[in-house]
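The values are calculated or read from the model by the stated rules, or taken from the named source; none is laboratory data. Note that the coordinates shown come from a computational prediction; the quantities given were computed from them, not determined experimentally. Counting neighbours? That spans all protein chains shown, and the Cβs are built from the backbone with ideal geometry, glycine included. The accessibility values were calculated without ligands, DNA or RNA, using every heavy atom of the protein model including side chains. Shrake-Rupley method; radii C 1.70, N 1.55, O 1.52, S 1.80 Å.
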Amino acid sequence: MKNPAPQTIYLSDYTPPAYLVDSVHLTFKLGATDTRVISRIAFRPNPDATSKEFFLHGQDLRFIGARIDGAPITPDLSAEGLRYNAPDAPFVFEAEVEISPSTNTSLEGLYMSNGMYCTQCEAEGFRKITYYPDRPDVMAVFTVRIEGDLPVLLSNGNPVAQGEGWAEWHDPWPKPAYLFALVAGDLVALSDSFTTRSGRKVDLNIWVRPGGDEAKRAFGMEALKKSMAWDEEVYGREYDLDLFNIVAVDDFNMGAMENKGLNIFNASAVLASPETATDADFERIEAIIAHEYFHNWTGNRITCRDWFQLCLKEGLTVFRDQQFTGDMRSHAVKRIDDAMVLRAHQFREDNGPLAHPVRPDSFVEINNFYTATVYEKGAEVIGMLKLLVGDADYAKALDLYFDRHDGDAATIEDWLRVFEDVTGRDLRQFARWYSQAGTPRLTVNESYADGTYQLHLRQETPPTPGQDTKKPLVLPIAVGLLNENGAEVVPTTVLEMTQAEQTFSFAGLSGKPTASILRNFSAPVIVKHDKTNAERAFLLAHDTDPFNRWDAGRTLAQDLLMRMVCDNATPDTGFLNGLAAVLRDDTLDPAFRALVLRLPSEEDTAQALFDAGHTPDPAVINDVHETLKLHIAQHLQDTLPRIYADMTVEGPYTPDAEPAGKRALGNAVLALQSKLDGGKAAAQQFASADNMTQQLGALRALLQIAKGENELAAFAAQWGHDRLVMDKWFALQVSLAPADQAAATAERLTVHPDFDIKNPNRFRAVFGGLRVNTAGFHHRSGAGYNLLADWLIRLDPLNPQTTARMITAFDTWKRYDMERQRKIRVALERIAGTSGLSGDTNEMVTRLLG
Ligand SMILES: [Zn+2]
């Protein structure tokens, strides 16, 4: 059975909407299988329209009836929506439809999660609620009435009136339908308030279902207040309603959603307590709450003209939440974390069949473009722009953006124009960052003579699907020069590279310097620089730029791992001594030391080998990684117990950066120590831990050495009632299973009574765990591929969005040997040949198969 060819939508085909909407009145009469949605929408012809066709999106709706200006009409209905020969003058359209939230497992539109009604409308979920021009450039004022036998009935904006079994809401800010939200259920709030700097008192609530999660709301509330204060201070942006609601939902496809005044969160992205959440969870929650809150200005007040412009709101908002986390915690650590994420996810995307530009020029399902490229690379592009124009002009440009485009559905061209207007720069070449896919390679050669140091730089972007030839980009390259004592002879200087090849000179030096290139990861590129290991070790010991100091250690480790794979090399003492020096340096932030101690992932090594022209073997890579960890543990064995003891945190748990850094280093040391003591120290830490960071760190250390069976059982007995903690339990076992048992472990967990295919968090725990177990997923038996394919075929009819996202586990398949490629192709073709495959998954599998 062949599925229909995916239908592609092009950016170049954009046309303005035929009709605009002045106001929307919605009435919801809630019922689990029979919710009635009654709409009254004031339309008027758009003077800028090129077409007069009146078309409203609508999907999976049971049509009851419709009227125009009070007179019943009989529109043309199709699977995509409703057409009618509407007046060429303002009119009121009314419709009544019926939908079934309890059978909506796609988690798009209005659906039910544990007895709670909730919505997810981005990108195109509103069309599953009622007939509407479901496109972001149609913005309107919404008034909503909810009728239902539930104690809490919420929608966007401010409450207008309420009584027994009903509530009315009004949102004064015009918004696109994707920002619509409704929540109804038996919910309890943690309430607080925030007074904006102009004196508006805003009521804040975090809502959960009663019975367990109440104690996990306080941290999220503090993070929300910090975010509100930060956006006033740093961007001059105030909140604009009297109320801000957050609701935690168990079944959710994404992290969270910025619906105006009513953010809906995956419970995992908002709920935390010291006993149940790790330090990393706390930091992630703080960042996601900030991210969704910041969208109120970058996304909601200024939205996207069409979905091709998704990076306009996401790139900017990710950049803002990264700045926020840096301000709250450590800029150096945050930059390293962000670079690791970018390299692991976005570079991987760029190097495979799913590569696409930050602003794609075509898509089939926009859901498939909520990617690392749009989000994380989108944020990098803004960071480069800020570096090129400077902080002062960046601030001016942002002020102009908010002034000029408030209330608009804007484009990337609008965004770049404010920078051109403020700085007088021509950004046409810079704009290639939005249209050209792929990760640039920056090749560095250097020369020195008579006091002059020269950097010869060459940039090259490899071809990506649909883009064979690439043009030079504008690269801001931050460089510093160090003398032989490690002192800076040239402080950080930003070179602006615009050509394919360019040379930069530094004169007046008294000796050949060591260059520290791409400081603070100033551009999202891969640097190819044939430095000696002695030079790298020198930078690891002396670089004044923390990012490059970390990266020098990382490159040393990657180089060593590759030599171990290709040449059977043994770990050299130079590398091990460099690592030991950083670990023992008590003047360094423990969080930073923990990052230096962390080796590149097996996935990183596979990609590095592939880049160097080899065919990576995941089993060999796994062996080599384990061998190197053992060597490091043995080399550091006298130091480990002392560092571990030094990282003890006194007093009650707080998730702040400083104690979190100590716990991160303590856990990193514990993992090494376990390779020497058979898990003795880890078992002790597990038994005495009073917080999830240490409990989970100990469990991980044990599972890594194929121990911890009793601890796993104890963990399940302790946390069986807590969904979010049990997600960790599911994920950990699969991700750390020995390679030949990974698929069997995942399969065994799918028959566990607490496995639920309909819950995306649980599905991701098991199969995301399989994906990150590189050696296990790519085990030569093919069992990992087959199991994932089986379960994606099962999930697709229930939840296309999560299926399409999980299928990206296969996106590196072209780098492996012919036998693995053959097995993956069989798995992908089996998915592609499933009858009735969703559009989301069909597009992804088609792109993967190329
Ligand atoms: Zn976002």
Debye equation applied to the C-alpha atoms of region 397-470, log10 I(q)/I(0) at 0.20, 0.23, 0.24 Å⁻¹
-0.90, -0.99, -1.02
Farthest toward positive dipole pole in the chain [+1 Lys/Arg, -1 Asp/Glu at C-beta], among Ala42, Ser330, Ala280
Ala280
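Around Ala701, what is the net charge, scoring Lys/Arg as +1 and Asp/Glu as -1 over all other residues with Cβ under 15 Å from its Cβ? All intermediate terms of the calculation are to be shown ahead of the outcome.
Working: positive: Arg598, Lys629, Arg663, Lys675, Lys680, Arg700, Lys707, Lys728; negative: Glu626, Asp677, Glu709, Glu711.
Computed value for this residue: +4.
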Using only the alpha carbons of region 760-805, what is the convex hull's orientation-averaged projected area in square nanometres?
2.9
Any chance you could look up the accessible area of Val364 with a 1.4 Å probe, heavy atoms only, rounded to 10 Å²?
30
Could you work out what % of the accessible surface of region 786-842 is carbon and sulfur, using a 1.4 angstrom probe and leaving DNA, RNA and ligands out of the count?
56
On the accessible surface of region 1-151, probed at 1.4 Å with all protein chains in place, carbon and sulfur together account for a percent value of 49
Could you run the Debye sum over the Cα atoms of the chain, one equal point scatterer each and no solvent, and tell me log10 of I(q)/I(0) at q = 0.04, 0.06, 0.09, 0.10 Å⁻¹, two decimals?
-0.18, -0.40, -0.95, -1.19
Using alpha-carbon coordinates alone, the radius of gyration and Dmax of region 656-766 in Å work out to 14.2, 42
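Want the number for Phe63 to Arg44: 0.36 nm per residue separation, take away the alpha-carbon distance, what's left? Present the calculation step by step, with values, prior to reporting the outcome.
On the way: separation 19, 0.36 × 19 = 6.84 nm, distance 2.31 nm.
Using 0.36 nm per residue and subtracting the Cα-Cα distance, I get 4.5 nm.
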Which of Gly165, Val97, Val152 sits farthest toward the positive end of the charge dipole of region 67-180, with +1 on the Cβ of Lys and Arg and -1 on the Cβ of Asp and Glu?
Val152
What FRET efficiency comes out for Asp34 versus Lys629 if R0 is 45 angstrom and r is the Cβ-Cβ distance? Round to the nearest 0.05.
0.20
Of all DSSP beta bridges with both partners in region 235-376, the antiparallel percent, nearest 5, is 25
FRET efficiency, 1/(1 + (r/R0)^6) with R0 56 Å, evaluated for Ser191 and Asp790 via beta carbons:
0.75
Kirkwood hydrodynamic radius of region 429-528, from inverse mean 1/r over distinct Cα pairs, in Å:
14.4
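Given the alpha-carbon gyration tensor of region 183-253, what are the semi-axes of its equivalent ellipsoid in whole angstrom, ordered largest first, with each equal to the square root of 5 times an eigenvalue?
Working: eigenvalues 125, 29, 25 Å².
Taking √(5λ) for each Cα gyration eigenvalue gives 25, 12, 11 Å.
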Along each of the three principal axes of the Cα atoms of region 707-771, give the extent in whole Å, ordering the values from largest to smallest.
31, 29, 16
Determine the dipole magnitude for region 728-836: charges of +1 sit on the beta-carbon of Lys and Arg, -1 on that of Asp and Glu, nothing else is charged, the reference point is the Cα centre, and the result goes in debye to the nearest 20.
220
Which of Val527, Gln499, Leu482 sits closest to the plus end of the dipole of region 474-555, meaning its Cα is farthest towards the positive end, when Lys and Arg get +1 and Asp and Glu get -1 on the C-beta?
Val527
How many Å² of accessible area per residue for the chain, probe 1.4 Å?
38
Give the share of C-alpha pairs in each 5 angstrom bin for region 263-320, from 0 to the last occupied bin, in whole percents, shortest bins first.
4, 19, 24, 18, 16, 10, 6, 2, 1
Spread of Cα-to-Cα distances over 10 Å intervals beginning at zero, given as percent, for region 92-189:
16, 47, 34, 3
Helix axis angle, 573-584 relative to the chain longest principal axis, alpha carbon, degrees
60
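Nearest 20 debye, what's the magnitude of the dipole of region 509-583 about its Cα centre given +1 on Lys and Arg Cβ and -1 on Asp and Glu Cβ?
Once rounded to the nearest 20, the dipole reads 140 debye.
For the chain, what relative contact order do you get, as a whole percent, if you take Cα pairs closer than 8 Å and at least 6 residues apart? All intermediate terms of the calculation are to be shown ahead of the outcome.
On the way: 1628 pairs, mean separation 76.9, N = 850.
After rounding, I find 9 percent.
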Calculated SAXS-style log₁₀ I(q)/I(0) at q = 0.10, 0.15, 0.19 Å⁻¹ - region 543-633, Debye, Cα scatterers
-0.26, -0.56, -0.87
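May I ask what percent, to the nearest 5, of DSSP beta bridges between residues of the chain are antiparallel? Before the final figure, lay out each step's value.
Numbers: 96 of 120 bridges.
Percentage antiparallel, nearest 5: 80.
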Over region 230-327, volume per residue of the alpha carbon convex hull, in Å³
112
Computed on Cα atoms, Rg of region 240-398 relative to 2.2 N^0.38 Å comes out at 1.06
Backbone N within region 375-412 under 18 Å of label point (7 Å from Thr498 Cα along the Cβ vector):
384-390
Calculate the dipole size of the chain relative to its Cα centre from +1 charges on Lys and Arg beta carbons and -1 charges on Asp and Glu beta carbons; express the result in debye to the nearest 20.
1300
